[in-house]
There are 2 protein chains.
Amino acid sequence: MLSRMTLEQFAQALAAATPTPGGGSASAQAGAMAASLVQMMCDLTAGREQYRAHDEAVRAIRARAEGLRKDLLALVDRDAQAYDEVVRALRLPKGTDPEKRARALALERANLFAIESPLAIADACAALMGMGTGLAYKGNINVVSDVGVAALLAYAGLRGAILNVRVNLKGVQDETRAVRLRERVRRLEVDSEKLREEALTAIYLRTNGR
Amino acid sequence: MLSRMTLEQFAQALAAATPTPGGGSASAQAGAMAASLVQMMCDLTAGREQYRAHDEAVRAIRARAEGLRKDLLALVDRDAQAYDEVVRALRLPKGTDPEKRARALALERANLFAIESPLAIADACAALMGMGTGLAYKGNINVVSDVGVAALLAYAGLRGAILNVRVNLKGVQDETRAVRLRERVRRLEVDSEKLREEALTAIYLRTNGR
């Protein structure tokens, strides 16, 4: 399991010239670190007198962030497994017509499955970026830079996951599905830039006020 | 040692409501993953017939990326240690005038030391972004998305490290030094956006050509 590797081992596994783990798993790990920093900010804000007005909202964000951290750590592994399926399908025999058909079917299924994990990574990271911006305005001023790092890591995770969706989309034969997915990905890309600017603005405004 | 923690343990340590590890260590880890993916791209490009024209350049990038991966993993730990020094200085007694002076001196030294590691993270990540863009154009087309993820992670590491430099800069009393550091950080911020756009453009152009 990749999430049981040390940081050193994981870096080495990413560096190895093997199909997995690759950018998808690294994007999920970036997202998991973002979720962790959001959670830390919440714990250093909730229950403190000067932030009492936001207490309920902050506790709700904390619960979501903790869930997303676990999801994203699981996605570090799942993304690699899904891509291994694609590689397996690509290696199926294609000598005869029935073999070709079986291979095409297996590949289509593997590609669609391989799209699911980066899409889940992207959605989780987009949610974390929003939380990071909110907390940059409302959270404990002493850890605003940490929640800024969270937003930046979530941005990298989001755009990185999108790159992986696009790669697997090239193999999808079902055109209706492909069009729908391409639209969704395009929307996520546009959102990611808006979210990035909002996060950087929030951090700038909050840290230059003190 | 943080770099000997598993991904799960590290995420948990980041999430904990303790001063370290925080955004600086997470930025270094993002950079280390970026270096790993750059290295992978190099190993899947060097020695291949169709990329022969770039062989020497790619091998040179690989050597630099491997060095940066090790540096950045070491910085995951060093950033936390440096910040622990700041916390220790902040907790020194300040009852008498000699105590106040000793504390101010210890704090100035700790702040300047705490600025060094995020600056090193930022420089390493800026270099990795440039390598990522170059490889997006010249490297193995099958792993362009991975090198895209590398550039995005390096961007997050760079901007995240800058946020940490800025936090520690607020405490620096030596105004000449502070001005020089603020200028350097401002330049890194401007560069980071240029590098980000160049990387995303390279990936877009290369992946839409196939």
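The values are calculated or read from the model by the stated rules, or taken from the named source; none is laboratory data. Source: prediction; values computed, not measured. Glycine gets a Cβ as well: all are built from the backbone with ideal geometry, and neighbour counts include every protein chain shown. All accessible areas refer to the heavy atoms of the entire protein, side chains included, with ligands and DNA or RNA removed. Shrake-Rupley method; radii C 1.70, N 1.55, O 1.52, S 1.80 Å.
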message = Quick test of your reading of the structure: A:Ser36 fulfils all but one of (1) at the interface with chain B (Cβ under 7 Å from one of its Cβ atoms); (2) of a type outside the set (D, E, K, R); (3) touching a Gly at 6+ places or on another chain (Cβ under 6 Å). Name the failing condition by number.
response = (3)
request  = Could you name every one of the helices (runs of 4 or more DSSP H) located completely within segment B:1-92 that has at least 3 residues being of a type in the set (Lys, Arg)?
outcome  = B:55-90
ask   = Do you know which of the residues in segment B:39-50 that are buried (at least 24 other Cβ atoms within 10 Å of the Cβ) and polar (S, T, N, Q) is nearest to the other protein chains (Cβ to nearest Cβ)?
value = B:Gln39
ask   = Which members of segment A:51-69 meet the condition of being more than 9 Å from every other protein chain (Cβ to nearest Cβ) and basic (Lys, Arg)?
value = A:Arg52, A:Arg59, A:Arg62, A:Arg64
inquiry  = I'd like the residue in segment A:101-121 that is among the hydrophobic types (A, V, I, L, M, F, W, C) and touching a residue at least 40 places away in the same chain (Cβ under 8 Å) and, out of all such residues, is most open to solvent (accessible area, probe 1.4 Å).
reply    = A:Ala104
message = Among the residues that make up segment A:81-99, is at least one of them open to solvent by 60 Å² or more (accessible area, probe 1.4 Å), in contact with a Leu (Cβ under 8 Å, 6 or more places away or on another chain), within 14 Å of another protein chain (Cβ to nearest Cβ) and not β-branched (Val, Ile, Thr)?
response = yes
key: A:Glu198 being open to solvent by 70 Å² or more (accessible area, probe 1.4 Å), touching a residue at least 24 places away in the same chain (Cβ under 8 Å) and closer than 25 Å to B:Gly23 by Cα   = yes
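Consider B:Leu68 carefully, then state whether it is closer than 24 Å to A:Ala34 by Cβ, modelled with pLDDT of 95 or more and touching a Cys at 6+ places or on another chain (Cβ under 9 Å).
On the way: closer than 24 Å to A:Ala34 by Cβ: yes; modelled with pLDDT of 95 or more: yes; touching a Cys at 6+ places or on another chain (Cβ under 9 Å): yes.
In short, yes.
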key: Some residue of segment A:143-162 being in a helix (DSSP H, G or I) and more than 14 Å from chain B (Cβ to nearest Cβ)   = no
inquiry  = Can you find a residue that is within 11 Å of another protein chain (Cβ to nearest Cβ), surrounded by fewer than 24 Cβ atoms within 10 Å (Cβ to Cβ) and closer than 30 Å to B:Leu112 by Cα anywhere in segment B:167-180?
reply    = yes
query = Only one residue in A:Ala65, A:Ala104 is closer than 15 Å to A:Gln29 by Cα and not polar (S, T, N, Q). Which one?
reply = A:Ala65
task = State yes or no: is A:Ser3 facing chain B (nearest Cβ under 8 Å), touching a residue at least 12 places away in the same chain (Cβ under 8 Å) and open to solvent by less than 20 Å² (accessible area, probe 1.4 Å)?
result = yes
task = Identify all residues within segment B:3-60 that are of a type in the set (Phe, Trp, Tyr) and closer than 17 Å to B:Arg78 by Cβ; write none if there are none.
result = B:Phe10
Given (1) assigned to a helix (DSSP H, G or I); (2) within 14 Å of another protein chain (Cβ to nearest Cβ), index of the condition A:Gly134 fails = (2)
message = Here is a check on your reading of the model: is B:Ala74 surrounded by fewer than 24 Cβ atoms within 10 Å (Cβ to Cβ), touching a residue at least 12 places away in the same chain (Cβ under 8 Å) and touching a Gly at 6+ places or on another chain (Cβ under 9 Å)?
response = no
